[in-house]
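All remarks here apply to the structure that follows.
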Amino acid sequence: MKVGVCIKSTPDADTRLKVAAGATGIETAGIKWVISDYEKGALEVGVSLKEKLGGECVLYSVGSGDTEKNLRDGLALGGDRAVMVDDAATKGTDALGIAKALAAAIKLDGLDIVLCGRQATDDENSQVPAMVAELLGWPHISFVGAFAIDGTDFVASRNMGGATEKVRGALPVVVTTEDTIATPRYVKLPEIMKAKSKKLEKKNLAALGLSAEAIAPAATFSAYSPPPSRPAGRKLAGDAAAQAKELVRLLREEAKVI
Amino acid sequence: MSGILVLAEHEGGKFRKGAYELLGKAKELAATLGTSVSAVVLGDAPCTELGAFGAAKVYQVEADFSQYNTLQIVRALHAAVQAADPDVLLISGNYIGKDAAPRLVARLGTGQGSDCTELRVEGGAVVGRRPMYAGKLLADVKISKRPAVFTLRPNSFPQPTPAAGGAEVVKIALAADASDGRVTLVERITSQVKTANLTEAERIVAGGRALKSLEGFDTVIRPLAASIGAAAGATRAASDAGYTSHDEQIGQTGKIVNPQLYIAAGISGAIQHLAGMRTSKVIVAINKDPDAPIFEFATYGIVGDLFEVCPLLQKEFEALAKAG
Ligand SMILES: Cc1cc2nc3c(=O)[nH]c(=O)nc-3n(C[C@H](O)[C@H](O)[C@H](O)COP(=O)(O)OP(=O)(O)OC[C@H]3O[C@@H](n4cnc5c(N)ncnc54)[C@H](O)[C@@H]3O)c2cc1C
Ligand SMILES: Nc1ncnc2c1ncn2[C@@H]1O[C@H](COP(=O)(O)O)[C@@H](O)[C@H]1O
């Protein structure tokens, strides 16, 4: 079984973000870049499938944040090798551009399964995986909470909001995972050492048969800003009974919501 | 052709609230742009009714859509886009918007703005504004190709009022395609909880890990919610621990809610929880830790033990209800 896992390097969820000058992105200085929890779940599924069925688990990432460090982290978590799309032209591209680069890299490797997170924790697009599937001509299953291989078929449970569906189909397939799909393993020191010597290939667009024009974005982002600030809140005083009384008065007379 | 095409989703022939929400917004945008609104409907539904909500034309794709099939839905939407040739395509940011829309966008070679909470016209084009980074930032998204595809976070816009008017229905026959069958349904489990109760609730009382048990949730959170006609919600910690069903989870991987009043009891205020409720108009936090992050977002904060505060609060609410 050849399994691919797509990892994006994103800011740690607890980072306090600042908008960069020009408001077309975030201030990247001082950010801790991590593999997001959604992709960590996907990685754990990929690695355990490979451990069970043999084959290879390959990590893919299109440069953003500290891609190389995060791919090394992924290799320490059990990935066999990594492919990093490293090309300045990917900087301003959009989801379809990322998907084109990933699909081209995946095609070269001939995989059976591609696992992705349900959303990247930065742009929260939920776009790239379905686009990769379309470009490869494979089916895709979104928001998967459980995944297994049954002979030459896959079986996946997808969370559709209001319903859960178990579906089946023949490989290959692209799957997007909920973070609850698997508990990521702890990284062990020897694995970190081993990861340093695992293969990490850097490819530019030309090596993937792509050009800067081919991934020119249709979607562009601007005018980043923090959400409107909330009016300063206040903590109520007194004992529990007094606070409860005061809260009800405020909700009624000041906020007018009850 | 041109104009704005809206996917009007329905369930068994009854249009979803989200369909009207999108049509209402589309009508407003179309008026500014001086263009028209059309709708696409998958399968059997009373298409002409959509005329009352501003759709001049309804593209009805005829096929059996009784089971959710991504590949079939993408083919159907693709056929409708080819027929309508719109400048803009609007789809609700629910499962279909996250699962099928991006695949369609790749097939069309265009771009998508996901989960927009605002749409406006600027320089003759529609621009989306949307939360990113768990709601820590907002950004504008512009699409330079046709059709510009936007998915919209549910419940971002008001329900429009119907006016007089019917719609011309254009039928599109969707030929069967064996490749749709590459993914087949084994089993479908529908949730017991009516999710609309939560996502559309005006008031929510949510409980966290601090409730400690299912009983804790049932004897403290639910009665408090009932006393002001609120829906009950939970954090992931609470639903994972089995105090509630996962359908009541609020946050990045749960429901996104936007009520007038959100009471958070025994909830720390993790970024993934905030992602689902930070736009609530009034937030009340009840937490025994004065440094809990939720207080940074709370309009009113009560530092105290929820097992003591919640029943007192419930009594006050009930007294208020009695007083009328
Ligand atoms: C990828 C990912 C996605 C996630 N998605 C979601 C999501 O959609 N929704 C979500 O909610 N979480 C989500 N989480 C989990 C999130 O990070 C937090 O772990 C979770 O929200 C914490 O829930 P909690 O506030 O109930 O528990 P805790 O963080 O444990 O907080 C409990 C709080 O209760 C207070 N407390 C304890 N006893 C009492 C008492 N007697 N009276 C008053 N206060 C008391 C404590 O002071 C504390 O602040 C996600 C996490 C990840 C990694
Ligand atoms: N630059 C990237 N490199 C590798 N994988 C990515 C990249 N961007 C997105 N993905 C994958 O696609 C998923 C969804 O991302 P998005 O569509 O951006 O929300 C992520 O969880 C990743 O698995």
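Quick notes on this one:
- Helical segments meeting 15 Å axial Cα length and Kyte-Doolittle -1.0 threshold in chain B (DSSP H): B:17-33, B:70-84, B:306-323
- Alpha-carbon spread of the range A:49-101, three principal axes, descending order, Å: 39, 21, 13
- Relative contact order for the range B:4-182: 29 percent, from Cα pairs under 8 Å spaced at least 6 residues apart, divided by residue count.
- With the highest mean first, a sort of the peptides B:173-180, A:235-242 on other beta-carbon atoms found within 10 angstrom per residue produces A:235-242, B:173-180.
- Shielding of A:15-21 by partner chains, average beta-carbon count, 10 Å: 2
- In the range B:4-182, inverting the average of 1/r over every pair of distinct C-alpha atoms gives 16.2 Å as the Kirkwood radius.
- Put simply, the C-alpha atoms of the range B:198-323 give a gyration tensor, and the ellipsoid matching it has half-axes of 19, 15, 15 Å, longest first.
- Separation of the alpha carbons by more than 28 angstrom is noted, of B:LYS288/B:LYS322; A:LYS50/A:LYS100; A:LYS2/A:LYS100; A:LYS8/B:LYS142; A:LYS50/A:LYS166; A:LYS2/A:LYS196, for B:LYS288/B:LYS322.
- Viscosity 0.890 mPa s, 25 °C: Kirkwood-radius Stokes-Einstein D of the range A:2-215 over Cα pairs, µm²/s: 141
- DSSP bridge analysis restricted to the range A:2-215 gives an antiparallel fraction near 40%, rounded to the nearest 5.
- Modelled label positions at B:LYS315 and B:LYS281, each set 7 Å beyond Cα in the direction of Cβ, lie 2.9 nm from each other.
- Virtual spin-label span in nm between B:LYS17 and B:SER144, 7 Å along Cα→Cβ: 3.9
- Backbone HN-Hα couplings from phi across the range A:187-202 [Karplus 6.51/-1.76/1.60, Hz, Gly and Pro as x]: 6, 9, 3, x, 5, 5, 4, 4, 4, 4, 9, 6, 6, 10, 8, 9
- According to the Kirkwood relation over distinct C-alpha pairs, the hydrodynamic radius of the range A:200-242 is 16.8 Å.
- Across peptide B:104-112, the average count of Cβ atoms from other chains found within 10 Å of a residue's Cβ is 6.
- Charges were assigned to the Cβ only: +1 to each Lys and Arg, -1 to each Asp and Glu. The resulting dipole of the protein assembly as shown about its Cα centre is roughly 580 debye.
- Stokes-Einstein, applied to the Kirkwood radius of chain B over Cα pairs at a viscosity of 1.306 mPa s and 10 °C, places its translational diffusion at 74 µm² s⁻¹.
- Under 20 Å from B:LYS57, Cα to Cα: lysines that are on another chain or at least 8 residues apart: B:LYS14, B:LYS17, B:LYS25, B:LYS27, B:LYS171
- Per-residue ellipticity at 222 nm, computed for chain B from helices alone with -39500 (n - 2.57) per DSSP H run of at least four residues, works out to -7500 deg cm²/dmol.
- Stretchable slack from A:ILE149 to A:GLU213, in nm (0.36 nm times residue separation minus alpha-carbon distance): 19.2 nm
- Ordering of B:11-19, B:107-115 by packing is B:107-115, B:11-19, highest average first (other Cβ atoms within 10 Å, averaged per residue).
- Shielding of peptide B:286-296 by partners, expressed as the average count of other chain Cβ atoms within 10 Å per residue Cβ, is 1.
- The range B:49-70 and the range B:157-221 have Cα centres spaced 18 Å apart.
- Each Lys or Arg adds one and each Asp or Glu takes one away; over the other residues whose Cβ falls under 13 Å from the Cβ of A:ALA170, this sums to -1.
- Helix-only mean residue ellipticity at 222 nm for chain A, each DSSP H run of n ≥ 4 adding -39500 (n - 2.57), per residue, nearest 500: -8000 deg cm²/dmol
- According to the Cα-based calculation, Rg over Rh for the range A:1-75 is 1.09, with Rh computed by the Kirkwood formula.
- Computed over all pairs of different Cα atoms, the Kirkwood value for the hydrodynamic radius of the range B:114-260 is 19.2 Å.
- Estimated dipole of chain A in Debye, rounded to 20 [Cβ of Lys and Arg +1, of Asp and Glu -1, Cα centre]: 460
- Over the C-alpha atoms of the range A:135-237, the Rg to Rh ratio, Rh being the Kirkwood estimate, stands at 1.12.
- Semi-axis lengths (Å, descending) of the ellipsoid that matches the C-alpha gyration tensor of the protein assembly as shown: 38, 32, 23
- Around the Cα centre of the range A:30-181, unit charges on the Cβ atoms of Lys, Arg, Asp and Glu (plus for the first two, minus for the last two) sum to a dipole of about 160 debye.
- Among A:5-11, A:33-39, the peptide with the highest mean count of other Cβ atoms within 10 Å heads the list, and the full ranking is A:5-11, A:33-39.
- Shape class for the range A:48-140, computed from the alpha carbon gyration tensor (a ≥ b ≥ c): oblate, with a/c not under 1.5 and a/b at or below b/c.
- Close amide H pairs (under 5 Å, H built 1.01 Å from N) link A:ALA82 with A:LEU59, A:LYS199, A:LEU200, A:GLU201, residues at least 5 positions away or on another chain.
- Share of alpha-carbon pairs per 5 Å distance bin for the range A:92-165, given as whole %: 3, 14, 23, 24, 20, 11, 4, 1, 0
- Look at the alpha carbon pairs under 8 Å that are at least 6 residues apart: their mean separation over the length of the range A:2-215 gives a relative contact order of 26 percent.
- Antiparallel DSSP beta bridges within the protein assembly as shown, as percent of all bridges there, nearest 5: 35
- Here chain B carries DSSP beta bridges of which approximately 20% are antiparallel, counting only pairs with both residues inside.
- Considering the range B:209-263 at the alpha-carbon level, its Rg and Dmax are found to be 10.7, 28 Å.
- 3J(HN,Hα) along the range A:131-148, derived from phi through the Karplus expression 6.51 cos²θ - 1.76 cosθ + 1.60 where θ = phi - 60°, amounts to 5, 4, 4, 4, 5, 7, x, 9, x, 9, 10, 9, 6, 8, x, 8, 9, 8 Hz, with x in place of Gly and Pro.
None of the figures in this text is laboratory data; all of them are computed from the coordinates on show. Keep in mind the model is a prediction, meaning the values are calculated, not measured. Every residue, glycine as well, gets a Cβ built from its backbone with ideal geometry; the counts of neighbours run over all protein chains shown.
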